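Contents: one structure, followed by commentary.
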Amino acid sequence: MAIHGSSHRPRDWDAETYDSLPLPHARWAALTISRLRLTGSEHVVDFGCGTGRDTVRLLPMLPNGRVIAIDGSQRMLAALRARLGSDADRVQVLKADLSRPLPLDDPVDAVVSVATLHWLRDHSAVFRHIADTLRPGGQFVAEFGGYGNIATVTAALADVLGSEMPADVWNFPGPDETRRRLEGAGFTDISVDLAPDLVTFDNERQFEQYLHTVVLGGHMRSISRLQRVGLARSVATRLQRRELDYVRLRVNARRSHSLAEAAHVRTRALAATRSTHPRVD
C-alpha cells in the first residue's frame, strides 16, 4: 500500500522486510474477506493490496472470477507479482494513487481493503471513488485503524519528536463520521463498528522492526534524517511493553442500486451533518 504523508506523494514500502514480519494484518484480512458474499464469478478489487497476501487469499474464492490488485508502491507490487506465480493471469495488477479515482474501465462486484484507509486523508473522496468503481449493489468491505488506534504509540512518538511531530500521517476516524461519509458517497446497508485488538511481539528486535517498517514508516519521510536514527527504538523504550493497542474500524456497505436511492441516502447524510454541526451566524 502507499502512504500519503505530508508531502502528498505516495511512499514506497520496504516490501522484503514487510513480508518477513509476523503481521496481524493476516488475521484482519481473513475476518474481512469472510464478510464478502461471493458466488465465485465476481471481479473483486483488492484496494491497497501490498505484497499480495490478501490477493492470493481471494483467488480460491473466485474460480471463475478475477482480482484487480491496486497499490501505490512499486516495490510492493513487484513482490505481489513474484508471489502470484502461475496465478498471474488471473490477477490484474495496477499501480495507482489510492487517494484518486481508480483507473478502471468497467465496474466491479466488490472492493475489499485491509489496513489501508487510515493512511489516506480524505475518506469522503475515497469512498466516492470506491462507489464509482462498484456496480449498483456492489459490496464494500474494509478494516482499518479507527478512533483510539495505537494511542500509546502516538503518545510515545509525540514525546520523542515534540514540536516536530507530523500532524497528518494517520487518519483514525470513529464509526459515526465514517457512516456519514459512506452515506454521502451513496452507500446503503452500512455497518460500522470499532474492535479493540491488542497485538504482542515475541522479542525486542521484532518489535522495533515492526515499528520502523509498518507503524512509523509514514513518519520517516516527514522528519529529518537525524530524527529517523533510532526512532523506533526510542518509541519502543517509552512503550515499555512489546505490544500495540490497535483499535480496528470494520466496514460493511453496499453501493446504492439506483440514482434515486443514492440521492436519498446523500440527502439523509447531509441532513445528519447539518444537525451535528448547526450553522452559526
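From the list D197, D189, D159, D168, exactly one residue is assigned to a helix (DSSP H, G or I), among the acidic types (D, E) and touching a residue at least 60 places away in the same chain (Cβ under 8 Å). Which is it?
Just a single option satisfies the conditions, and that option is D159.
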Exercise. Hey, can you tell me all the residues within region 167-198 that are touching a helix residue (DSSP H, G or I) at 6+ places or on another chain (Cβ under 9 Å) and more than 26 Å from R128 (Cβ to Cβ)?
Key: D197
Quiz prompt | Filter result for G148 (part of a loop (DSSP other than H, G, I, E, B) and small (G, A, S)) | solution = yes
Quiz item: Any idea which of (1) within 22 Å of L58 (Cα to Cα); (2) in contact with a Gly (Cβ under 8 Å, 6 or more places away or on another chain); (3) assigned to a helix (DSSP H, G or I); (4) not basic (K, R) is the one S124 doesn't satisfy?
Solution: (1)
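Look through G138, G146 and report the one residue that is in contact with a Pro (Cβ under 8 Å, 6 or more places away or on another chain), more than 14 Å from F187 (Cβ to Cβ), surrounded by 20 or more Cβ atoms within 10 Å (Cβ to Cβ) and not β-branched (V, I, T).
G146
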Self-check item: Candidates L244, L194, L211, filtered to the one that is over 24 Å from M165 (Cα atoms), within 18 Å of the chain's Cα centre (by Cα) and at pLDDT 90 or above
Solution: L194
Self-check item: Single condition V251 does not satisfy, out of (1) within 29 Å of Q139 (Cβ to Cβ); (2) surrounded by fewer than 21 Cβ atoms within 10 Å (Cβ to Cβ); (3) among the β-branched types (V, I, T)
Solution: (2)
Quiz item: Can you name every residue in region 213-235 that is touching a residue at least 40 places away in the same chain (Cβ under 8 Å), in a helix (DSSP H, G or I) and within 19 Å of T152 (Cβ to Cβ)?
Solution: T213, V214, V215, G217, G218, H219, L231, S234, V235
Quiz item: Can you spot a residue in region 16-26 that is touching a residue at least 12 places away in the same chain (Cβ under 8 Å), in contact with a strand residue (DSSP E or B) (Cβ under 7 Å, 6 or more places away or on another chain) and either surrounded by 19 or more Cβ atoms within 10 Å (Cβ to Cβ) or not aliphatic (A, V, I, L, M) (or both)?
Solution: yes
Quiz item: Does D89 fit the bill of being surrounded by fewer than 19 Cβ atoms within 10 Å (Cβ to Cβ) and out of contact with any Cys (no Cβ under 8 Å at 6 or more places or on another chain)?
Solution: yes
Quiz item: Which of the residues belonging to region 35-56 are within 17 Å of the chain's Cα centre (by Cα) and either within 17 Å of T133 (Cα to Cα) or without any contact (Cβ under 8 Å) to a residue 40 or more places away in the chain (or both)?
Solution: L36, V44, V45, D46, F47, G48, C49, T51, G52, R53, T55
Quiz item: Has region 171-184 got any residue that is hydroxyl-bearing (S, T, Y) and surrounded by fewer than 18 Cβ atoms within 10 Å (Cβ to Cβ)?
Solution: no
Quiz prompt | Count of region 31-86 residues which are closer than 16 Å to V112 by Cα, among the polar types (S, T, N, Q) and at pLDDT below 95 | solution = 1
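The values are calculated or read from the model by the stated rules, or taken from the named source; none is laboratory data. Please read these numbers as outputs of a predicted model, since none were measured by experiment. Using ideal geometry, Cβ is built from the backbone for each residue, glycine included, and neighbour counts are taken over all protein chains shown.
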